[in-house]
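Asker: Please read through the structure below; I'll follow up with questions.
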Amino acid sequence: MTLASRKFFAANWKMHMGPDETSRFVRSFAAAYEARADRTVAVFPPAISIAAFRAAAADRPDLEVGIQDVHAEAHGAHTGAISAGMAAEAGVAWGLAGHSERRCEFGDDDELVGRKLSRLLEAGVKPVLCVGETLTQREEDRLYEVLSRQVATALRDLAPDERGRLTYAYEPVWAIGTGKTASPDDAAGAHEILRKRVAHLTDEDTANRAIILYGGSVKPENIEALLAAPGVDGVLVGGASLDSDGFARICAARSG
Ligand code: PEP
């Protein structure tokens, strides 16, 4: 059972949308979607477009901004990298850690993801920890084991109060960018596992208050069914969030 009363809609733009396109998106999304007290909307543009997003959304404080990745160190000789502190200075409210594309393409493992969570928390950026199983792991019936390991290792070095400040995204790797969506039952089952593991690592109250998003080929056509699944507090949307009208439809979808 979740206590989250607001629904959360996050857009992960990956390596799409430069500053100009970002400004155009914000203008057209703002015209299509009105702020709602029962919804949080957060967009994760490429880091180079964050300033453009904030400038274009200056009169829409309900549109929050996040960063897709930060370095596991606070500063240093890491060419091309961005620290959590810099993201905070740029006005970022949220930070993804452990997205499957970071894990697969850049080798981010659970231990590194945990260090990124620490840097985000130190900087005052709210982390969204992404976890999820591959198709092979699902077929081998290893969902519980994989989610348990990902969460336990990532949270291992966090203090109890820090553990209570995390948001989670369950993103089955086989559903990301593939057009295959987890069924509402599958999503509910995975969210239940995740919430139980969070309870084990924190306490029941913290776990019940934790926001757990579903991500993986969410689109306007399947959003209502996913939002109706028990324990799904919102969604993390990749491809379908690049279209301002489509993302506006997702954010305005009926829930409950
Ligand atoms: C994602 O990148 O987090 C994601 C869920 O992508 P898509 O919606 O395209 O599957």
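Asker: Inspect region 237-247 for any residue being open to solvent by 30 Å² or more (accessible area, probe 1.4 Å) and within 18 Å of Ser5 (Cβ to Cβ) and give the result as yes or no.
Answerer: no
Asker: I'd like to check something: does region 214-224 contain any residue that is at positive phi and polar (S, T, N, Q)? Break it down into steps so the answer makes sense when it comes.
Answerer: Step one: filter region 214-224 for residues at positive phi, giving 216-217.
Still in the list and also polar (S, T, N, Q): 217.
Taking every residue of region 214-224 in turn, at least one turns out to be at positive phi and polar (S, T, N, Q).
Asker: If you don't mind, another one. So which residues in region 102-142 are within 15 Å of the ligand (Cβ to nearest atom), free of Cβ contacts under 8 Å to residues at least 40 places away in the same chain and open to solvent by less than 60 Å² (accessible area, probe 1.4 Å), if there are any at all?
Answerer: Arg102, Arg103, Asp108, listed by residue number.
Asker: Another question, then. For region 158-197, which residues satisfy the criterion of being in contact (Cβ under 8 Å) with a residue 40 or more places away in the chain, away from the ligand (no atom under 16 Å from the Cβ) and aliphatic (A, V, I, L, M)?
Answerer: Answer for region 158-197, where residues must be in contact (Cβ under 8 Å) with a residue 40 or more places away in the chain, away from the ligand (no atom under 16 Å from the Cβ) and aliphatic (A, V, I, L, M): Leu158, Leu166, Ala188, Ile193.
Asker: Can you give me the number of residues within region 88-101 that are assigned to a helix (DSSP H, G or I) and either more than 12 Å from the ligand (Cβ to nearest atom) or modelled with pLDDT under 95 (or both)?
Answerer: As a first pass, look at region 88-101 and keep what is assigned to a helix (DSSP H, G or I): 88-89, 100-101.
Checking which are either more than 12 Å from the ligand (Cβ to nearest atom) or modelled with pLDDT under 95 (or both) leaves us with 88-89.
Number of matching residues: 2.
Asker: Yes or no: region 73-83 includes at least one residue that is open to solvent by 30 Å² or more (accessible area, probe 1.4 Å) and of a type in the set (D, E, K, R).
Answerer: From region 73-83, those open to solvent by 30 Å² or more (accessible area, probe 1.4 Å) are 73-82; that's our starting set.
Okay, now just the ones that are also of a type in the set (D, E, K, R), so 73.
Among the residues of region 73-83, at least one is open to solvent by 30 Å² or more (accessible area, probe 1.4 Å) and of a type in the set (D, E, K, R), which makes the answer yes.
Asker: For residues in region 211-251 being touching an Asp or Glu at 6+ places or on another chain (Cβ under 8 Å) and assigned to a loop (DSSP other than H, G, I, E, B), which is nearest to the ligand (Cβ to nearest atom)?
Answerer: Restricting attention to region 211-251, the residues satisfying the condition of being touching an Asp or Glu at 6+ places or on another chain (Cβ under 8 Å) are 211-216, 229-231, 236.
Still in the running and assigned to a loop (DSSP other than H, G, I, E, B): 211, 216, 229-231.
Values: Ile211: 15, Gly216: 5, Ala229: 16, Pro230: 20, Gly231: 18 Å.
Across region 211-251, the extreme among qualifying residues is Gly216.
One line per residue, one yes/no per condition, for (1) at pLDDT below 95; (2) open to solvent by 10 Å² or more (accessible area, probe 1.4 Å):
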{"residue": "Met1", "(1), (2)": "yes, yes"}
{"residue": "Ala4", "(1), (2)": "yes, yes"}
{"residue": "Met15", "(1), (2)": "no, yes"}
{"residue": "Ser23", "(1), (2)": "no, yes"}
{"residue": "Tyr33", "(1), (2)": "no, no"}
{"residue": "Ala55", "(1), (2)": "no, yes"}
{"residue": "Ala58", "(1), (2)": "no, yes"}
{"residue": "Ile67", "(1), (2)": "no, no"}
{"residue": "His71", "(1), (2)": "no, yes"}
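The values are calculated or read from the model by the stated rules, or taken from the named source; none is laboratory data. Just so it is clear, the model here is predicted, and its values are computed rather than measured. All Cβ positions, even for glycine, are placed from backbone atoms using ideal geometry, and neighbour counts span all protein chains on display. Calculation scope for accessible area: heavy atoms of the full protein, side chains included, ligands and nucleic acids excluded. Shrake-Rupley method; radii C 1.70, N 1.55, O 1.52, S 1.80 Å.
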